[in-house]
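> Have a look at the structure that comes next, please.
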Amino acid sequence: MKNTFLDYGYKASEIEKRVLDTFTEIFETSWSRFYFNGINDTGYFMDTGNCDARTEGMSYGMLMCVLLDKKEYFDRMWKFAIDFMYMEEGKMAGYFAWSVAPDGRKNAYGPAPDGEEFFAMALFLADRRWGSSEGIYDYAGWARKILRTCLHHEIPMWNKNNGYILFVPGCPFSDPSYHLMHFYHYFALWADEEDRPFWKKAEAASREYLKKACDEKTGMNAEYADFDGKPNKKGPPDGHGDFYSDAYRTGANIGLDVLWNGSDEGFSKIADALVTFFADIPTDQFKKYHLDGTPVLLEDGTEEKALHPVGLLATLAQTSLACSQKAEAAKEKIIRRFWETPLRQGERRYYDNCLYMFAMLALSGKYCVE
């Protein structure tokens, strides 16, 4: 897989060190980590802004581990997910509870679909890297089981008619950042044979959906969007119709899809617009934006700041993988700024640094299917 950092003059040895140092800070360094060992040989990522463990972070951490051949951490996190998040009863049985306390007590009894799809991909890659064994360590078997549940549960995570992933099972709208067409490409090869045509459909549908959901001029998308791609107005409080925390991941997913599956003119237009918009805005001046690029104003008339500025910068760096030559100057500015920016510290470090690690993996050529 292409090592993009090499194109900008960084040495292979320093790139390798930077990737491993980033992993170490997240998993091991006492003052910056958010990975912790749990009870009974488990491990978890703590959302340091909310003091819980989430399927989002657990599945992210597992994917980081398999990409860097860290099996002990992977197995600890997967055991935590099975022991404390997997639901065996109730109307959502078969899914994973999206939030639990560090001691394993469930904070919620519903799932978040992005957790399930990242779990499945991490488990498929674990099978390819380490092989599957028995029980919870039948990685490929569990990956297929998760995807089977997602599609065939009484309350499914995907809309079977249009192929779109849902914000939560059974709801009538989506989250653009959940659309992982690059994952679905492989689900169509590795999932239960009867479901493979659906995953191929979902792959194509997600690419077209994101072209509707992202603004033509800015490349920005809403956190939650209806099936026509327009910002959702009827969902959770305030509709989450602006370019804010969840939404940053969409551009990163577009960049990874182009890295894995080749150029796409529509995605390049989105990436060009997004990276160019932010190239000359200092990271500490990032704001919450309406999709037309105007800052969202607070009640006192001041501009609302981005809650996760380092995370946004990281996703822009990953988005740049989809840029055309027209945006080369902006792309270089973003990649060099990302390289020069350290991991975030403090209570909000979890989300920013997850996105940071993924960008570091993607730009170094390590975020790949072997």
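> Identify the residue in segment 51-79 that is among the hydrophobic types (A, V, I, L, M, F, W, C) and within 18 Å of ILE39 (Cα to Cα) and, among all such residues, is most open to solvent (accessible area, probe 1.4 Å). Write out each step before concluding.
Taking segment 51-79 as the starting set, the residues that turn out to be among the hydrophobic types (A, V, I, L, M, F, W, C) are 51, 53, 58, 62-68, 74, 77-78.
When the remaining residues are screened for being within 18 Å of ILE39 (Cα to Cα), the result is 51, 53, 58, 62, 74, 77-78.
Values: CYS51: 88, ALA53: 0, MET58: 0, MET62: 0, PHE74: 0, MET77: 0, TRP78: 0 Å².
Restricting to residues being among the hydrophobic types (A, V, I, L, M, F, W, C) and within 18 Å of ILE39 (Cα to Cα), the top hit is CYS51.
> Select the helices (runs of 4 or more DSSP H) contained entirely in segment 37-137, then report the ones holding at least 3 residues which are of a type in the set (Ser, Thr, Tyr) and within 21 Å of the chain's Cα centre (by Cα).
Here the list reads 55-67.
> Just to be sure I understand the filter: pairs with C-beta atoms under 8 Å, separated by 6 or more residues or on different chains, first member in segment 247-273 and open to solvent by less than 10 Å² (accessible area, probe 1.4 Å), second member of a type in the set (Lys, Arg). Which pairs pass?
Once the first residue is open to solvent by less than 10 Å² (accessible area, probe 1.4 Å) and sits in segment 247-273, its partners that are of a type in the set (Lys, Arg) give ASP257/ARG207; PHE267/ARG207; PHE267/LYS211.
> Here is a list: VAL296, VAL310. Which entry is open to solvent by less than 60 Å² (accessible area, probe 1.4 Å), among the aliphatic types (A, V, I, L, M) and touching a strand residue (DSSP E or B) at 6+ places or on another chain (Cβ under 8 Å)?
VAL296
> How about segment 141-177: which of its residues are open to solvent by 10 Å² or more (accessible area, probe 1.4 Å) and part of a helix (DSSP H, G or I)?
Answer for segment 141-177, where residues must be open to solvent by 10 Å² or more (accessible area, probe 1.4 Å) and part of a helix (DSSP H, G or I): GLY141, TRP142, ARG144, LYS145, ARG148, THR149, HIS152.
> Take segment 158-196 and flag every residue that is among the hydrophobic types (A, V, I, L, M, F, W, C), touching a strand residue (DSSP E or B) at 6+ places or on another chain (Cβ under 9 Å) and within 19 Å of ASP264 (Cα to Cα). Before you say what the answer is, go through the steps one by one.
Start the filter on segment 158-196 by keeping residues that are among the hydrophobic types (A, V, I, L, M, F, W, C), which leaves 158, 165-168, 171, 173, 180-181, 183, 187-191.
Next, from what is left, pick out any that are touching a strand residue (DSSP E or B) at 6+ places or on another chain (Cβ under 9 Å): 158, 165-167, 173, 180.
Result: LEU180, single match.
> List pairs: first residue in segment 292-312 and in a loop (DSSP other than H, G, I, E, B), second residue open to solvent by less than 60 Å² (accessible area, probe 1.4 Å) and of a type in the set (Ser, Thr, Tyr) anywhere in the structure, Cβ distance under 6 angstrom, at least six positions apart or on different chains.
GLY293/THR218; LEU307/SER245; HIS308/SER245; HIS308/TYR351
> Given (1) part of a helix (DSSP H, G or I); (2) under 25 Å from ILE335 (Cα atoms), identify the lone condition not met by LYS2.
(1)
The values are calculated or read from the model by the stated rules, or taken from the named source; none is laboratory data. Source: prediction; values computed, not measured. Don't worry about glycine lacking a Cβ; one is built from the backbone with ideal geometry, like all the others, and counts go over all protein chains shown. The accessibility values were calculated without ligands, DNA or RNA, using every heavy atom of the protein model including side chains. Shrake-Rupley method; radii C 1.70, N 1.55, O 1.52, S 1.80 Å.
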